[in-house]
Amino acid sequence: MNVRSAQPVSNYYKVMQQYKDARASTDQSRVASIRNVLVTGKKLRTDEMDYLQRNDINLHDQAMRLSMERQAYEDALKHSRSKADANNYNTFNLLQIAGQLKHGGSEELLMRANAIQEAHREFVRSSKYASLSRN
């Protein structure tokens, strides 16, 4: 039994390659979008973390470190006794990161600094911060 195709096999390969290229481009743009969220200091959603775990394990590990550091920072802010303590703790953390930047900047340090600043902004807007004394 002979089967005749309307198109040569090479055309099917070209279509498949175009599909693969389009999918790779979509994956790259999604990872870039998630990286931008991290650079701005925002928290990642669960689906974004899952996506990174499947598609970019290095960025996933970086995001996990940032998430844990941010959580520790937020916990420390919750235990502040005054607004001055919270602001001093913010300054201390940012100075530590700035000291590391002197030895060579990296995108991860920028992500860390922005995550600390974003967490601090959220804390300042909270009722917990409003209830703290000035000193």
| With respect to residue 101, is the statement that it is under 19 Å from residue 115 (Cβ atoms), within 24 Å of the chain's Cα centre (by Cα) and at pLDDT below 90 true? | yes
| Any hit, region 31-44, residues being farther than 18 Å from residue 94 by Cβ, in contact with an Asp or Glu (Cβ under 9 Å, 6 or more places away or on another chain) and surrounded by fewer than 14 Cβ atoms within 10 Å (Cβ to Cβ) | yes
| Does residue 122 satisfy being farther than 25 Å from residue 26 by Cβ and touching a Lys or Arg at 6+ places or on another chain (Cβ under 7 Å)? | no
| said: Looking only at residues that are crowded, with 16+ Cβ neighbours inside 10 Å and of a type in the set (Asp, Glu) in region 45-72, which one is nearest to residue 118 (Cα to Cα)? | reply: 69
| said: Could you check region 35-55 and list, in sequence order, the residues that are within 21 Å of residue 105 (Cβ to Cβ) and not polar (S, T, N, Q)? | reply: 35, 37, 38, 39, 41, 42
| request: Go through region 83-98 and count every residue that is of a type in the set (Gly, Ala, Ser) and at pLDDT 95 or above. | output: 2
| query | From the list 76, 72, which one is within 29 Å of residue 127 (Cα to Cα) and in contact with a helix residue (DSSP H, G or I) (Cβ under 7 Å, 6 or more places away or on another chain)? | reply | 76
| request: Find the helices (runs of 4 or more DSSP H) located wholly in region 61-135 whose residues include 2 or more that are polar (S, T, N, Q) and either in contact (Cβ under 8 Å) with a residue 12 or more places away in the chain or touching a strand residue (DSSP E or B) at 6+ places or on another chain (Cβ under 9 Å) (or both), and list them. | output: 83-102, 107-124
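The values are calculated or read from the model by the stated rules, or taken from the named source; none is laboratory data. None of the values given here were measured: they were computed from a predicted structure. Because the Cβ atoms are built from the backbone with ideal geometry, glycine has one as well, and the counts that use them run over all protein chains shown.
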